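Below is a structure I'd like to ask you about.
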Amino acid sequence: MDDLYREVIIEHYKNPSYRGSLDPHDISFEDENPLCGDHIRVDLRIDANGIVTEAAFDGHGCAISQASADLLLESIIGKSVDQVKQLKKGDVMDLLGIELGPVRLKCALLPLKILKAGVYGLGEATDDLVEAE
């Protein structure tokens, strides 16, 4: 089963559906993982009802961070900002479908950390946005 999930990760890394930028955007936030140098920016468009209608990410990094960003953005289209605020580490892990060690876990959670900092309108993204379950 892990092989299937690894193929999904490779596919989203090589052919991301949500790579790009949105201009104009309603929310934009970027950050990096200083341990490995992964850098991601997330842009969102939100409609008048608070629903995510479009999402895009850009940046560079390992296959895990890039695939995680693509899968995460795919999962939030059509969700409310309040639903996005409720996303947790386990949601990202479910999307990826494989066990990760501590270093790779930071890579996988970077897009969620950025996304949540953006929807909360924070000045910085902190690990506590994703670490608490």
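Only the coordinates and a few stated rules stand behind these numbers; no lab work does. Just so it is clear, the structure is predicted and the values come from calculations on it, not from any experiment. Quick reminder, even Gly has a Cβ in these numbers, built from the backbone with ideal geometry, and neighbours come from all protein chains shown.
Taking only Cα atoms of region 2-121, what ratio of Rg to Rh do you get with Rh as the Kirkwood inverse-distance radius? Can you show the working numbers first?
Details: Rg = 13.3 Å, Rh = 14.1 Å.
Rounded to two decimals, Rg over Rh is 0.94.
Extending each Cα 7 Å along its Cβ direction at Glu54 and Val103, get the distance between those two points in nm, one decimal.
About 3.8 nm separates the two model spin labels.
How many nm is it between the label spots at Asp47 and Thr126, if each spot is 7 Å from the Cα in line with the beta carbon?
3.4 nm
Something else about it: Compute, for the chain, the length of the dipole vector about the Cα centre, with Cβ point charges of +1 (Lys, Arg) and -1 (Asp, Glu) only. Units Debye, rounded to 20.
Using Cβ point charges on Lys, Arg, Asp and Glu, the chain gives about 0 debye.
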